[in-house]
Structures are given as structure tokens and as C-alpha cells.
Amino acid sequence: MAENASISAMAEELSIELFHYFYWGKIGEDNHDWPCENKEAHKAATHPCDAVFYYDEPYDQKRTYLHTDLKSYGKGSIDKSSIETALISLANQVSCANISSHWSEKHRHGHVPYKVHGLLFIYNHDELYDKDFSHLLSNIDINKLALPSKTKIFVLGPEEINWLQIVMNNIKNMRGSSRGFRLPLYENCFFNYPQLARKPNIKLASAKAATVEMLVGPWITLEYKEETRSGIVIFYKRQGTTEEEFIYLLDHLRHYQLLGEEKDIKVYFQTKHHPIAIVNFQKARQRYLEELEVNGIQNSLGIRVSKIETGKLEQIITSYSQTELGMRYEQSV
């Protein structure tokens, strides 16, 4: 029992640390059961709850709650059957969570509008899974998931979790850096959501978190502000195999007015993608600068593009000791 508990604890410990760095909160009791609201359809008297995370939406008055199923699987356990079973169960849990007074009493802040979504967190604890997890997901029949209208389930598989760990650990290192680029302290950073013409960011002060949509997107944008400096750090997930994807990135920065004179901009690539990504970024930037030139003279926007710095992310993945976690479990019971 302690062995199984220590393996399960790996996903729990990692999720708490990981989402802290993306400004998610956690609320309510962990690892508890609560009454099912639709026993006949769900064929269950109760539902499990591993953890509930939350954050404020930047473009909406609602608070998002992520009812989370934390899985710590070895390579051999990550297959279509196990993931489909977990998703069906999670869909039922989320369906009930949206209407359950019992769930709300334990996990919801009563003073804000809200929506409950699901999050399936698949941590590969033996670090041996090397298959295409997205292909596995594409073969699952989503019609088996009974979700309420406008409710979603997000899945973080082994590759996504490794990517988020790399971002987290590089943020740690940047904050502790004594040379080179130093990222400001936690309270002076926030994840960037631009002011949209038709849907402005209405919670600049409180909506600092990276939404789950940003975490599964092509890059993660962290902004910082101090008295003497401000800037943007972009953690780039894609492989960077084409110039066009970096033209798209530069267009994004330009369209959302992130090329302000007062902001330093740095783009970091994964180590395994860095050699080709940096070359294609340079090519894309040169093309972009040529288009911005007028009679051979670069305008202020072109000057800002030319000053974008690039770097390489350290491939740092967190590892957990099953023995140590097992000892902690035995001491707690």
C-alpha cells in the first residue's frame, strides 16, 4: 500500500509545485469522495476528487476551477484503455461538480461566478514513455464523455508535463541567477494577456495566472515589471523547423503591441530544438526587418525587432524518490 501511495504522491507533489509557478491556486480537501448527483447514469454512489486548482480568467468575470485527476503511471500503464477509462470517469465527476452543493461547499469561493472544467494529469513516473501521446488521445471516442454544455476536459500528458517542468525549472534558475539574465521575484511577474479590441483584459491586477489554454499552446508568455525595468520572456515549445512559424510569432508580438520601447523581449527555445530553431528565427527576423525598411532606413518597430534576444532552455526534469515518498507516507499514517 505504501508503495502504491508513494507512486501516486509523485503526481500530487509535482502538480502542486508546478502550478504554483503558473500562479494557480489550490482549494479544498484533497483525495476525498463526494456524493454523485446522477447515480443511475454514472453507476456510482460517489466520485473521487484528487485536487481542485483555480485561477481567474483574464477576459471574463468568471473563476475557472479545474477538478483534477492526478495519475502517476509507468510506461506500461499509459494506453488507450486506461486513458479512456480515466476520461469517462473524469467527465462524470465534472458533470456532477457543476451542480453539486457538496462539491461547492468544499471547493468554491462563494463570491465569484465560476465554471468547473476537468484536468487529467498523466505523469510518467518511470520516465520511459516515448510514444506519441497525442496520437493515443486522437483514437479515443469523445462521444463517450458525457459533459455539460460549454464544459471542457484538458489533458496534460507526459510530454506536456515534461515541457511545463522545463519552463518551471528555468524560471527558478532565472530568479536565482547571479549572472546573465535575472528574472524578478514571483510577485513582480505575471503571464501576459494582451488587451483585445473587442474583449479587453478586465482583470489586470488579479488574473496573473497562465490559463490552461496557454499551457497547452505553442508558447508561454511571462511578463515582468520592476521599478527600473520591464520585459517579456517567451518560452517557445515548438520545434522551430520553419521560418514561417517565427514570422507568425513576430506578427503576434506586433499585433498585440508587445514590441513597446520600454520592454525587453527574450525568446527561449528547448535545447533539443535550439540549433535549427535559432537559425530559422534569425532568417525570419531578417525577412521581417527587410519588410519594415523604408529607403534603407529602419523604423522604430524594426529597431525593436532587431533587439529581441534569444536563448536556450536547460532541459531540467524533476525526479522523485519512491523510497523517500514511501517513508513520508508511512510516517503520516
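Of the helices (runs of 4 or more DSSP H) lying entirely inside region 90-187, those carrying at least 1 residues that are over 27 Å from TYR23 (Cβ atoms) are 101-107, 133-138. Among the residues that make up region 173-187, is at least one of them within 18 Å of the chain's Cα centre (by Cα), open to solvent by 40 Å² or more (accessible area, probe 1.4 Å), more than 24 Å from LYS152 (Cβ to Cβ) and modelled with pLDDT of 90 or more? Yes, region 173-187 contains at least one residue that is within 18 Å of the chain's Cα centre (by Cα), open to solvent by 40 Å² or more (accessible area, probe 1.4 Å), more than 24 Å from LYS152 (Cβ to Cβ) and modelled with pLDDT of 90 or more. For region 53-73, the tally of residues that are polar (S, T, N, Q), open to solvent by less than 30 Å² (accessible area, probe 1.4 Å) and not in a strand (DSSP E or B) stands at 0.
Among the numbered conditions (1) crowded, with 20+ Cβ neighbours inside 10 Å; (2) within 18 Å of PHE154 (Cα to Cα); (3) at pLDDT 95 or above, the only one that HIS47 does not meet is (2). Of the residues that make up region 99-110, is at least one in contact (Cβ under 8 Å) with a residue 40 or more places away in the chain, over 21 Å from PHE53 (Cβ atoms) and in contact with a strand residue (DSSP E or B) (Cβ under 9 Å, 6 or more places away or on another chain)? No, region 99-110 contains no residue that is in contact (Cβ under 8 Å) with a residue 40 or more places away in the chain, over 21 Å from PHE53 (Cβ atoms) and in contact with a strand residue (DSSP E or B) (Cβ under 9 Å, 6 or more places away or on another chain). Somewhere in region 9-32, is a residue open to solvent by less than 70 Å² (accessible area, probe 1.4 Å), hydrophobic (A, V, I, L, M, F, W, C) and either assigned to a strand (DSSP E or B) or over 30 Å from LEU185 (Cβ atoms) (or both)? Looking for residues that are open to solvent by less than 70 Å² (accessible area, probe 1.4 Å), hydrophobic (A, V, I, L, M, F, W, C) and either assigned to a strand (DSSP E or B) or over 30 Å from LEU185 (Cβ atoms) (or both), one finds none in region 9-32, hence no. Assessment of region 225-243 against the conditions (in contact with a helix residue (DSSP H, G or I) (Cβ under 9 Å, 6 or more places away or on another chain), aliphatic (A, V, I, L, M), farther than 16 Å from GLY311 by Cα and surrounded by 15 or more Cβ atoms within 10 Å (Cβ to Cβ)) yields no matching residue.
The values are calculated or read from the model by the stated rules, or taken from the named source; none is laboratory data. All of these numbers come straight from a predicted model, not from anything done at the bench. Heads up, the Cβs are rebuilt from the backbone with ideal geometry, glycines too, and the neighbour counts pull from every protein chain shown. What goes into the accessible areas is simple: the full protein's heavy atoms, side chains included, and nothing from ligands, DNA or RNA. Shrake-Rupley method; radii C 1.70, N 1.55, O 1.52, S 1.80 Å.
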